[in-house]
Amino acid sequence: MAYLGVDTGGTFTDFILFDETTSTTAIHKVLSTPDAPDRAIMQGLADWNIDTNDLLLVHGSTVATNAVLEGKGVRTVYITNKGLADVLAIGRQARKELYNLQPEKKPPLIPHEHCLEVDTRLSATGEALATLNQDGLQRLREQIETLAPQAVAINLLFSFIDDTEEKRIEAAIAEQSRDVIFISRSSDVLPEYKEYERGITTTLNAYVGPLMQRYLQRLEQQAPGCRLAVMQSSGGTASAHQAGRYPVQLLLSGPAGGLKGAQFSAAKSGFDRLLSFDMGGTSTDVSIIDQEIGFTTEGRIGDYPVAVPMVDMHTIGAGGGSIASVDAGGLLLVGPESAGADPGPACYGKGGTRPTVTDANVVLGRLLPDAFLGGRMVLDKAKSEQAVKTVADRLEMSMHQAATGIIDVVNDHMVRALRVMSVQRGEDPKDYTLVSFGGAGGLHVCALADALQMTSALVPANAGVLSALGMLAAEPSRERSLTINMLLKDCTTADINEQFRQLHEIAEQELREIAGDCGMLAQYSVDLRYRGQSYTLNLLWDTPEDLEYAFHELHETQYGHRMAIDVELVNLRLRLTGEKPAFDLPEWQATAEAQERFTTLYGFEEPVRVLARDALQVDQLIHGPALITETTSTTWIDQGWQASVDRWGNLLFHANSRSDRV
């Protein structure tokens with residue numbers, strides 16, 4: 001059987017193919033087609049002439065993400081209790097700019113006229129205070145028929161306690177629309193407390209649901225016979241059916257694949273404490289791994305909180321395609337605007353004229369025009385120079401100085417992001433290994449490690465397509481949660497185990513769609529807090545007595561104190577995973593003949609060595625300065641650094657003593 005990982009990025013779509021029979025891998029890149037992402041995927045399949053029968057295609061999709069960020073979801077109606085139609089518009093009333101007295105007013109996700117109220121109510125204890133009658137249901141049907149939405153989001157108060165009314169509304173709408181309208185129910189999508197977060201998550205699921213379903217159906221039709229799986233924000237894969245039903249769980253699909261790939265590759269080389277950065281064409285994703293990938297339920301996409309589990313990472317608008325400019329005060333800026341895939345950086349020769357980080361690297365000689373994408377795409381250095389010169393003239397400096405400035409500014413952006421995930425959390429970067437990947441990451445790894453005073457780094461094999469690789473390494477998974485909101489001392493082990501059993505039953509049924517009859521591993525955890533607090537700490541499920549002790553210890557570790565206050569059990573969380581896939585990295589073997597050459601780089605008097613990565617030998621030691629070229633990326637080994645090749649083809653970076661470094 002063949003396994004194909006596909007990651008759709010803002011600039012490139014990446015492919016990695018694993019043949020289980022021969023245990024070999026092949027990699028490929030094509031320019032993305034943002035208007036129709038499946039077109040780039042089919043182009044990659046055609047380039048390889050892949051038979052889609054007996055193929056498992058694991059896909060990291062940006063369809064849902066882009067629709068949310070660009071405000072291009074479908075016409076959606078939001079249904080809630082009487083008096084609560086403005087919850088989504090009000091939100092948490094938090095302001096991005098605290099001292100801006102005239103902040104920009106952005107339109108709400110759902111227009112006010114599309115927010116409908118129904119006369120039904122549950123108390124906080126689940127008591128039915130008002131029940132929706134048939135007249136109310138009929139009036140709701142008429143309102144929906146008038147508005148003619150493509151999707152509906154249902155979010156009633158305390159539906160995580162009793163979802164009867166939400167299910168009645170869902171059934172009435174489904175019957176009326178004959179299942180044409182996509183319905184997203186909060187008690188299904190996110191049965192947790194916090195009305196706004198639950199509402200916005202459920203609404204985002206509806207807002208992009210039809211788009212995601214149509215996209216996946218189109219992809220399956222164009223690749224007949226293949227099994228399609230989709231990477232989730234939580235780092236596990238889901239069936240196409242589940243992905244279409246819960247698209248809100250795909251909003252960090254690609255970045256999650258990258259993080260999974262970084263963990264997988266670094267583990268091969270014996271590293272499990274990682275500070276990772278994934279620098280692609282449009283953005284950089286930064287995360288920290290301390291043996292296990294971290295997760296959060298407090299993530300955001302654009303202006304919206306998304307309370308479903310996702311990998312814990314920090315994203316900034318700094319990539320190879322980030323555009324450099326000079327503001328009115330003469331300050332050099334880089335990003336967050338990106339040239340994307342079309343027109344792309346000036347050197348792509350597709351009509352782009354504004355300077356980007358990629359153009360700056362071309363000008364400095366770090367990107368070789370004839371080695372880009374293995375020579376399949378030749379870069380136009382003259383156009384890069386013309387673009388960078390527009391910034392140089394504004395700053396009244398040489399073209400090479402301006403290019404160096406662009407690199408310095410984007411490096412500073414990434415260093416600050418890495419500090420957010422490490423230093424600001426009380427972690428010393430020097431205790432971790434910096435893992436660099438993404439098409440542009442290898443050009444910046446030494447500079448970032450230097451800035452953080454780190455002495456070791458790793459650039460994995462196939463670093464330019466590591467997100468696609470991570471999708472092949474990810475196991476299928478499902479996550480389920482439920483709000484309990486009880487004092488821990490009032491909980492019994494038997495009652496909580498029964499609640500977990502019910503969650504497990506739902507998750508197992510969903511996971512079987514992709515995992516079949518394989519063995520499954522369940523992880524049970526709970527969210528705890530002191531009574532009256534707003535935020536929780538997550539701990540693995542244990543007896544209530546042991547949990548209380550563990551919570552006090554963890555709270556003191558995290559915040560420096562403990563309190564003589566009752567502990568509340570807020571949420572139950574279940575993560576169910578299937579068996580790990582058959583994918584594995586083959587041991588490294590050079591596939592090309594070594595042909596060392598030299599090139600001229602700005603800032604170096606002597607020519608710098610250029611080596612092809614596919615010609616490197618295991619245990620080969622390379623002293624900087626040197627350039628390592630490969631099909632999917634270029635790696636820059638700066639002066640004062642050396643890199644060795646391990647048995648898996650990973651480049652292990654080590655810094656010389658600081659007195660030897662420039």
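Tabulated data for the structure shown
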{"quantity": "Some residue of segment 47-57 being assigned to a strand (DSSP E or B), on the phi < 0 side of the Ramachandran plot, under 22 Å from the mean Cα position of the chain (by Cα) and at pLDDT 90 or above", "calculated": "yes"}
{"quantity": "Residue match in segment 201-212 (condition: out of contact with any Lys or Arg (no Cβ under 7 Å at 6 or more places or on another chain), more than 24 Å from Phe500 (Cα to Cα) and surrounded by fewer than 23 Cβ atoms within 10 Å (Cβ to Cβ))", "calculated": "yes"}
{"quantity": "Residue within segment 254-264 that is modelled with pLDDT under 90, within 21 Å of Gly9 (Cα to Cα), assigned to a loop (DSSP other than H, G, I, E, B) and not polar (S, T, N, Q) present", "calculated": "no"}
{"quantity": "Candidate set from segment 352-382 (those that are surrounded by fewer than 19 Cβ atoms within 10 Å (Cβ to Cβ) and touching an Asp or Glu at 6+ places or on another chain (Cβ under 8 Å)); member that is farthest from Leu601 (Cα to Cα)", "calculated": "Gly374"}
{"quantity": "Arg597 touching a strand residue (DSSP E or B) at 6+ places or on another chain (Cβ under 6 Å) and modelled with pLDDT under 95", "calculated": "yes"}
{"quantity": "Residue match in segment 575-589 (condition: under 30 Å from Ala2 (Cβ atoms), aromatic (Phe, Trp, Tyr) and at pLDDT 90 or above)", "calculated": "yes"}
{"quantity": "Residue list for segment 27-41, restricted to those being part of a loop (DSSP other than H, G, I, E, B) and not charged (D, E, K, R)", "calculated": "Ser32, Thr33, Pro34, Ala36"}
{"quantity": "Single condition Arg366 does not satisfy, out of (1) in a helix (DSSP H, G or I); (2) over 18 Å from Asp278 (Cβ atoms)", "calculated": "(1)"}
{"quantity": "Residue check for Pro476: touching a helix residue (DSSP H, G or I) at 6+ places or on another chain (Cβ under 8 Å) and either within 17 Å of Pro309 (Cα to Cα) or modelled with pLDDT of 95 or more (or both)", "calculated": "yes"}
{"quantity": "Residues within segment 298-346 that are without any contact (Cβ under 8 Å) to a residue 40 or more places away in the chain and out of contact with any Gly (no Cβ under 6 Å at 6 or more places or on another chain), tallied", "calculated": "8"}
{"quantity": "Considering residues of segment 253-284 that are touching a residue at least 40 places away in the same chain (Cβ under 8 Å) and among the charged types (D, E, K, R) only, the residue surrounded by the fewest Cβ atoms within 10 Å (Cβ to Cβ)", "calculated": "Arg273"}
{"quantity": "Residue list for segment 448-465, filter: among the hydrophobic types (A, V, I, L, M, F, W, C), closer than 20 Å to Gly280 by Cβ and in a loop (DSSP other than H, G, I, E, B)", "calculated": "Ala461"}
{"quantity": "Residue match in segment 620-642 (condition: touching a His at 6+ places or on another chain (Cβ under 9 Å), over 30 Å from Leu4 (Cα atoms) and crowded, with 17+ Cβ neighbours inside 10 Å)", "calculated": "yes"}
{"quantity": "Filtered residue count, segment 523-558, keeping only those that are in contact with a helix residue (DSSP H, G or I) (Cβ under 8 Å, 6 or more places away or on another chain) and either exposed (fewer than 15 other Cβ atoms within 10 Å of the Cβ) or not assigned by TED's automatic domain parsing to the domain that holds Asp495 (or both)", "calculated": "1"}
{"quantity": "Candidates Ile289, Ile316, Ile293, filtered to the one that is aliphatic (A, V, I, L, M), out of contact with any Cys (no Cβ under 7 Å at 6 or more places or on another chain) and at pLDDT below 90", "calculated": "Ile316"}
{"quantity": "Selection from segment 73-105 of residues that are touching a residue at least 12 places away in the same chain (Cβ under 8 Å), assigned to a loop (DSSP other than H, G, I, E, B) and within 26 Å of the chain's Cα centre (by Cα)", "calculated": "Gly73, Val74, Arg75, Gly91, Arg92"}
{"quantity": "Qualifying position, being closer than 24 Å to Leu333 by Cβ, under 24 Å from the mean Cα position of the chain (by Cα) and part of a helix (DSSP H, G or I), among Asp408, Asp412, Asp393", "calculated": "Asp412"}
{"quantity": "Segment 561-617: number of residues that are among the aliphatic types (A, V, I, L, M), outside any strand (DSSP E or B) and either in contact with a His (Cβ under 6 Å, 6 or more places away or on another chain) or in contact (Cβ under 8 Å) with a residue 12 or more places away in the chain (or both)", "calculated": "10"}
{"quantity": "Residue in segment 520-527 that is of a type outside the set (Lys, Arg), within 24 Å of Ala474 (Cα to Cα) and more than 28 Å from the chain's Cα centre (by Cα) present", "calculated": "no"}
{"quantity": "Subset of segment 591-605 that is of a type in the set (Val, Ile, Thr) and exposed (fewer than 12 other Cβ atoms within 10 Å of the Cβ) - its residue that is nearest to Asp638 (Cα to Cα)", "calculated": "Thr600"}
{"quantity": "Test: Tyr78 is of a type in the set (Phe, Trp, Tyr), farther than 21 Å from Ala223 by Cβ and surrounded by 14 or more Cβ atoms within 10 Å (Cβ to Cβ)", "calculated": "yes"}
{"quantity": "From Ser186, Ser233, residue being modelled with pLDDT of 95 or more, closer than 30 Å to Met486 by Cα, among the small types (Gly, Ala, Ser) and surrounded by 22 or more Cβ atoms within 10 Å (Cβ to Cβ)", "calculated": "Ser186"}
{"quantity": "Among (1) among the hydroxyl-bearing types (Ser, Thr, Tyr); (2) modelled with pLDDT of 95 or more; (3) out of contact with any Asp or Glu (no Cβ under 9 Å at 6 or more places or on another chain), the one test that Ser659 misses", "calculated": "(2)"}
{"quantity": "Enumeration of residues in segment 415-429 that are assigned to a helix (DSSP H, G or I) and either in contact (Cβ under 8 Å) with a residue 60 or more places away in the chain or surrounded by 14 or more Cβ atoms within 10 Å (Cβ to Cβ) (or both)", "calculated": "Val415, Arg416, Ala417, Leu418, Arg419, Val420, Met421, Arg425, Pro429"}
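The values are calculated or read from the model by the stated rules, or taken from the named source; none is laboratory data. Source: prediction; values computed, not measured. Heads up, the Cβs are rebuilt from the backbone with ideal geometry, glycines too, and the neighbour counts pull from every protein chain shown.
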